[in-house]
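Just below is one structure, and these are the notes that go with it.
The values are calculated or read from the model by the stated rules, or taken from the named source; none is laboratory data. Keep in mind that this is a model prediction, so the values were computed, not measured. Note that each Cβ is placed from the backbone with ideal geometry, even for glycine, and that neighbours are counted across all protein chains shown. These area figures cover heavy atoms from the full protein model, side chains too; ligands, DNA and RNA do not enter into them. Shrake-Rupley method; radii C 1.70, N 1.55, O 1.52, S 1.80 Å.
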Amino acid sequence: MSQGNIQKDAAVSSSTVAAAAATPAAKGNLYSVMQAQLDKAAKFMSLSPDVYTILSQPKNEVIINFPVRMDDGRYLLFKGYRVQHNNILGPYKGGIRYHEDVSLDELKGLSAAMTWKSALHDIPFGGGKGGIKFNPRLHSKSELERITRRYTHALGQNIGPEFDIPAPDVGTNEQVMAWMMDTYSNHVGYICPGVVTGKPIAVGGSQGRREATGAGVAYLVGKYLEDMKCPVREATVALQGFGNVGSETALALAEMGAKIVAISDYTGGVHNPAGIDIRKALAYLQSERVLKDFGGGSPVTNEQLLELPCTVLIPAALERVITPENAPKLRCRLLAEAANGPTTNAADRIIEERGDIEVIPDVLCNSGGVIVSYFEWLQNQQSFYWGRDEVISKLHAILDKAKESVEYQKRKFKFSRRLAALTLGIGRVAEAKQKRGLFP
Ligand code: GLU
């Protein structure tokens with residue numbers, strides 16, 4: 001057992017609900033959410049204090065301010081980040097986020113989650129996360145290209161195929177990755193596709209990468225519904241967030257026969273107990289760019305969506321949306337965390353106490369993206385490309401193995417599924433650190 005002495009005392013205080021609701025800062029910032037998760041896991045694993053010290057802060061925090069010329073000739077100054085949490089198991093790995101709420105604390109939390117996620121799936125990567133604090137929707141394509149290239153230039157040797165490998169995240173996509181790859185390749189003087197993953201197939205991307213996160217979420221939801229003896233054809237799904245992850249998850253679940261009863265994006269959502277035509281919603285999004293006024297049901301806000309009756313609730317947008325306020329009101333049987341960190345710690349305790357909701361924690365649920373990123377990087381390193389079926393069957397094999405280990409850990413130590421996943425991931429990092437020792 002790599003994670004040392006696991007303690008069995010996983011009891012939750014009976015006053016959790018009242019205490020959580022009374023705490024004004026219960027939502028915390030994402031770093032404090034992740035820090036509390038590490039603290040809890042460390043306690044249950046009796047993690048060595050030395051390893052805990054190392055894991056409680058990222059190794060590197062890169063902050064850059066860089067000017068970019070706008071289409072009208074003005075210069076704007078942007079703040080970009082790359083947080084490198086840990087690289088004991090391999091190069092730092094994780095997405096680049098373009099969003100106005102990007103902050104150092106958020107990225108510190110997200111980068112730690114990437115370390116546990118890679119380790120949980122036995123992928124030889126560490127964890128990182130980066131981003132730029134701005135709203136990409138307010139910029140033209142040519143401005144986005146200049147912002148991306150200037151950011152990549154400013155990152156310099158802080159990224160690289162053997163050192164730190166970015167990927168898409170909230171607000172970025174394949175095109176952004178192609179610009180990053182091209183800028184980096186021009187710097188080093190040779191084509192270097194492996195510096196980023198999530199690229200278009202035309203420039204070294206992998207089959208199946210674009211839909212990988214959503215496909216992984218849908219696959220695991222199907223597996224857990226099976227365990228719960230609930231046929232996927234009888235399941236109803238409410239899904240918050242209709243970006244790459246949300247829309248691909250919705251499509252995959254609809255294809256598996258589930259009924260998608262609610263969807264939303266940042267402009268609001270729609271609820272239809274009879275089911276929503278996801279292809280129609282996607283076509284609408286393509287022409288209108290937002291779901292607002294899509295119709296096809298009654299309008300709901302993002303907050304209302306979370307409390308709708310459904311079999312599966314899937315937060316697939318931003319973090320900390322399941323709070324102590326709405327956790328007691330959730331009406332789902334399965335909570336599938338497609339977003340990173342969607343549940344605050346206080347809300348998590350409430351859900352655990354309720355005992356009537358199965359949770360697929362983020363580090364397990366949304367790992368399809370980083371798993372196929374790993375496949376993409378491997379294909380880039382070998383300059384040998386796989387077919388889609390091979391990618392998908394290898395993805396399923398890794399997800400099956402991770403699910404099995406998490407369920408084993410959960411049963412053995414009577415842990416929540418989140419604690420089981422975290423202790424497995426953190427345990428693997430800790431074991432490697434202990435074996436390698438401290439330099440010098
Ligand atoms: N941004 C995704 C995540 O949070 C993908 C990361 C990657 O592929 O490196 O898992």
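The single condition among (1) within 16 Å of the ligand (Cβ to nearest atom); (2) within 22 Å of S367 (Cβ to Cβ); (3) assigned to a loop (DSSP other than H, G, I, E, B) that D101 does not meet is (2).
The set of residues in the stretch 51-97 being open to solvent by 10 Å² or more (accessible area, probe 1.4 Å), assigned to a loop (DSSP other than H, G, I, E, B) and more than 27 Å from L438 (Cβ to Cβ) consists of D71, D72, G73, R74. All told, G295 falls short of being in contact with a Ser or Thr (Cβ under 7 Å, 6 or more places away or on another chain) and in contact (Cβ under 8 Å) with a residue 12 or more places away in the chain.
Please determine whether any residue of the stretch 114-121 is touching a residue at least 40 places away in the same chain (Cβ under 8 Å), within 15 Å of the ligand (Cβ to nearest atom) and part of a strand (DSSP E or B). Full working, then the answer.
If we filter the stretch 114-121 for residues that are touching a residue at least 40 places away in the same chain (Cβ under 8 Å), which is where we start, we get 114-121.
Now restrict to residues that are within 15 Å of the ligand (Cβ to nearest atom): 114-121.
Then keep just the ones that are part of a strand (DSSP E or B); that gives none.
No: the stretch 114-121 contains no residue that is touching a residue at least 40 places away in the same chain (Cβ under 8 Å), within 15 Å of the ligand (Cβ to nearest atom) and part of a strand (DSSP E or B).
Summed over the stretch 162-180, the residues that are under 19 Å from V83 (Cα atoms) and either hydrophobic (A, V, I, L, M, F, W, C) or surrounded by 19 or more Cβ atoms within 10 Å (Cβ to Cβ) (or both) give a count of 13. Of all residue pairs spaced 6 or more apart or on separate chains, those with beta-carbon atoms under 6 Å, a first member in the stretch 92-105 that is acidic (D, E) and a second member that is away from the ligand (no atom under 16 Å from the Cβ) and open to solvent by 40 Å² or more (accessible area, probe 1.4 Å) are D105/N29. Just one of the numbered conditions (1) open to solvent by 30 Å² or more (accessible area, probe 1.4 Å); (2) under 14 Å from K40 (Cβ atoms) is not true of S393: (2). For the stretch 304-311, the criterion of being among the hydroxyl-bearing types (S, T, Y), more than 16 Å from the ligand (Cβ to nearest atom), at pLDDT 95 or above and over 19 Å from R233 (Cα atoms) is met by none of the residues. Selection of first residues in the stretch 385-402 that are in contact (Cβ under 8 Å) with a residue 60 or more places away in the chain and of second residues that are buried (at least 19 other Cβ atoms within 10 Å of the Cβ) and of a type in the set (D, E), restricted to Cβ pairs under 9 Å at least 6 apart or on distinct chains, gives the following pairs, ordered by first then second residue: V391/E376. Of the helices (runs of 4 or more DSSP H) that lie entirely inside the stretch 325-425, those containing 1 or more residues that are within 16 Å of the ligand (Cβ to nearest atom) span 362-365, 368-382, 388-413. Among the residues of the stretch 103-131, those that are surrounded by fewer than 24 Cβ atoms within 10 Å (Cβ to Cβ) and over 30 Å from E404 (Cα atoms) comprise S103, L104, D105. The numbered conditions (1) within 30 Å of E390 (Cα to Cα); (2) open to solvent by less than 40 Å² (accessible area, probe 1.4 Å); (3) not aromatic (F, W, Y) are all true for E248 except (2). Residues that are within 16 Å of the ligand (Cβ to nearest atom) and open to solvent by 10 Å² or more (accessible area, probe 1.4 Å) within the stretch 132-158 comprise P136, N158, listed in sequence order. Provide a single number: the residues in the stretch 388-440 that are at pLDDT below 95 and touching a strand residue (DSSP E or B) at 6+ places or on another chain (Cβ under 7 Å). The qualifying residues number 0.
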